[in-house]
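Below is one structure, written out as structure tokens; the observations come after it.
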Amino acid sequence: MDHGRRPARHGGDGDATGRGVLEGAFSLLEALARVEEGGLSELAAHAGLPKTTVHRMLDQLVALDAVERRSGRYRMGPAIVRLGRAWSPERPLHTAAVGPLRHLAAATRASVSVSVPGTGNPLVVAALPGEVDDVFPLRAGAVLPPRSAAEVVLAAAGPVTEPPEGHCDGHWQRRIEAAREQGTATDHYETDVLVACLAAPVRAPSGKVVAALAVSVLDRRRLATAGEPLRRAARMIGANLARMPQAWQL
């Protein structure tokens, strides 16, 4: 499963100017986030950039403390870590989810996450690590795979939508209808192993669905007992939002 690897929009070294420099730097940082630590050739392959371009960008990022270099390998630097800690979109939702996520993680022993609609696939805004992290790290800022259970829950709250790429219309509509009827959606997808997810809607004080709460496990049979804790945690997040004045605009 490839979570967000973008096709390179750079022709080569001569094209890495202006906007191309920024695009290249972000492609490189995204590649570094996926591999956590890597060498020059590995990062160039993941970012889809020439090695000479990647080498020059890495030198610049190291000078800015955005990347650390150790024994010819690279990883995220303290500047990026500081920026990541400051990033907190949907702040009321993030605050409202902290306690319920802990309760849900304890009740299910699963990876748990809250995601919101993104420009493409849903975007994780709050999460607690669990057993699927070695397969797909669920953390704030992660983009969920296409056709995820969270995407179905979010789509079910709105008007009929076109199916995601790679999903036939009939199957997508059946998943939407099932989510509306059951109040939850499931998803199973292959990486190196099978990951199973169950998601439920989170509602703002207005009643609008503003997020999807999900549990992710490596044994799909465990989803059978996760439904009620999941729904309860989703209601707890909604109740917390109702007590937050800034959340009434959601």
Surface/4 of the Cα convex hull for the stretch 90-183, nm²: 6.7
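Kindly state, to the nearest 0.05, the FRET efficiency for T52 paired with F26, given R0 = 25 Å and r defined as their beta-carbon distance.
0.85
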I'd like to compare 226-239, 49-62, 102-115: which one has the highest average count of other Cβ atoms within 10 Å, and what's the full order after that? 102-115, 226-239, 49-62
For the pair E42 and L64, the simple spin-label estimate (label points 7 Å beyond Cα toward Cβ) gives in nm 2.3
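What order, most packed first, do the peptides 37-48, 197-208 have when packing is the mean number of other Cβ atoms within 10 Å of each residue? Spell out each step's value before the answer.
On the way: 37-48: 17.4, 197-208: 21.3.
Order by mean packing, descending: 197-208, 37-48.
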Accessible area of the stretch 55-144 belonging to carbon and sulfur atoms, whole % at 1.4 Å probe: 53
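The values are calculated or read from the model by the stated rules, or taken from the named source; none is laboratory data. Please read these numbers as outputs of a predicted model, since none were measured by experiment. Note that each Cβ is placed from the backbone with ideal geometry, even for glycine, and that neighbours are counted across all protein chains shown. Each accessible area value is taken on the protein alone, full model and side chains, heavy atoms only, with ligands, DNA and RNA left out. Shrake-Rupley method; radii C 1.70, N 1.55, O 1.52, S 1.80 Å.
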